[in-house]
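Asks: Mind having a look at this structure? Questions to follow.
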Amino acid sequence: MNALSRLWDSGWTLRISLLLLLGVLVLAVAGPALAPYDPLAQNTAIALQNPTPAHLFGTDYLGRDVLSRLFAGAPASLLSAVGAALIGLLVGAVPGALSAFAPRVGEWLALRAVDALLSLPFILFAIVFAALLGNGLIQATLAIGILIAPGFFRVARAATLRVRESPYVEASALLGASAWWVLTRHVSRQVAPNLVVAGISALGSALLTVASLTFLGIGVQPPDPTWGGMLASDLGYLSQRPLGPLAPALAIILTVASLNLLADAARDALGAEAVPRRTRTTEKTHV
């Protein structure tokens with residue numbers, strides 16, 4: 001509760017961000033139900049309209065209500081980002097913490113696997129992944145989760161290495177405690193704040209990647225709405241409706257900016273340490 005209180009007292013900018021994220025959470029859960037119109041209903045007679053009282057954000061090139069499509073596209077855009085962050089957390093954090101207690105051969109192999117994943121370009125890997133396993137939102141979410149896992153790996157490993165050298169952890173090891181017992185009883189409490197901050201930051205990165213993939217037509221196919229897909233379709237009609245891409249672009253920008261502000265505030269409130277990026281040479285010193 002003290003951390004939450006410090007978080008709320010961080011300033012009015014963060015409070016606005018928290019309120020925006022609360023609205024985003026509502027859209028992620030009940031976005032389609034809140035849409036004033038059918039997001040797939042077409043009416044070419046009112047295509048490319050500017051904002052009006054009947055259509056607050058105007059209509060797209062097929063006469064579909066932009067606000068309704070923005071609401072209906074929120075779950076696919078936001079929940080896939082959450083899923084990718086959770087996959088990255090599970091795939092990256094647990095092996096990262098365990099690698100600090102692994103034998104040298106296992107530690108070296110884990111670090112080389114992370115280096116290999118870091119060398120892969122996000123968008124290209126996701127495109128290849130979708131081509132191999134099918135063009136679907138689950139496949140795209142899995143690909144993004146795998147690619148953000150190295151970030152969690154490095155955060156968990158760096159925090160675990162610091163805790164591993166603490167006197168009480170060394171005493172536990174001398175008394176015969178297993179690595180798993182030390183991880184669950186001692187290390188997890190110290191590493192958790194860093195993972196919370198990394199998870200919030202990863203949500204923003206995952207949302208941007210999901211928007212980029214749906215912008216390219218990967219993950220969710222038209223006519224199903226997504227924020228990235230709306231942005232792509234509106235860009236084709238800038239001459240007729242210059243402010244068309246504004247609504248989905250603002251939704252993405254404000255959500256990511258709010259998540260970044262929340263991550264910074266959470267780091268200060270939880271006392272998490274900023275984990276520096278490790279170079280290949282620095283990692284090898286632990287092998």
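The values are calculated or read from the model by the stated rules, or taken from the named source; none is laboratory data. In this text the structure is predicted, and so the values were computed from the model without any measurement. When we count neighbours, we look across all protein chains shown, and the Cβ atoms used for this are built from the backbone with ideal geometry, even at glycine.
Asks: Spot the failing condition for Gly176; the list is (1) part of a loop (DSSP other than H, G, I, E, B); (2) closer than 19 Å to Leu67 by Cα, and only one is missed.
Replies: Unmet condition: (2).
Asks: Scan segment 218-250 for residues that are touching a residue at least 40 places away in the same chain (Cβ under 8 Å) and of a type in the set (Ser, Thr, Tyr) and jot them down.
Replies: Result: Thr226, Ser233, Tyr237.
Asks: Tell me yes or no: at least one residue of segment 76-94 is aliphatic (A, V, I, L, M), at pLDDT below 90 and over 17 Å from Thr226 (Cβ atoms).
Replies: Yes.
Asks: Check Ala85, Ala76, Ala97 and return the single one that is of a type in the set (Gly, Ala, Ser), under 19 Å from the mean Cα position of the chain (by Cα), within 19 Å of Gly199 (Cβ to Cβ) and in a helix (DSSP H, G or I).
Replies: Step by step, each of Ala85, Ala76, Ala97 is checked, and only Ala85 is of a type in the set (Gly, Ala, Ser), under 19 Å from the mean Cα position of the chain (by Cα), within 19 Å of Gly199 (Cβ to Cβ) and in a helix (DSSP H, G or I).
Asks: So which residues in segment 124-140 are surrounded by 13 or more Cβ atoms within 10 Å (Cβ to Cβ), closer than 17 Å to Phe215 by Cβ and not β-branched (Val, Ile, Thr)?
Replies: Phe125, Ala126, Phe129, Ala130, Asn135, Gly136, Leu137, Gln139, Ala140
Asks: I need the helices (runs of 4 or more DSSP H) fully contained in segment 181-287, keeping only those with at least 3 residues that are at pLDDT below 85 and out of contact with any Asp or Glu (no Cβ under 9 Å at 6 or more places or on another chain).
Replies: Filter on segment 181-287 gives 188-215, 246-270, 280-284.
Asks: Looking at segment 33-43, is at least one residue at pLDDT 90 or above and touching a strand residue (DSSP E or B) at 6+ places or on another chain (Cβ under 6 Å)?
Replies: yes
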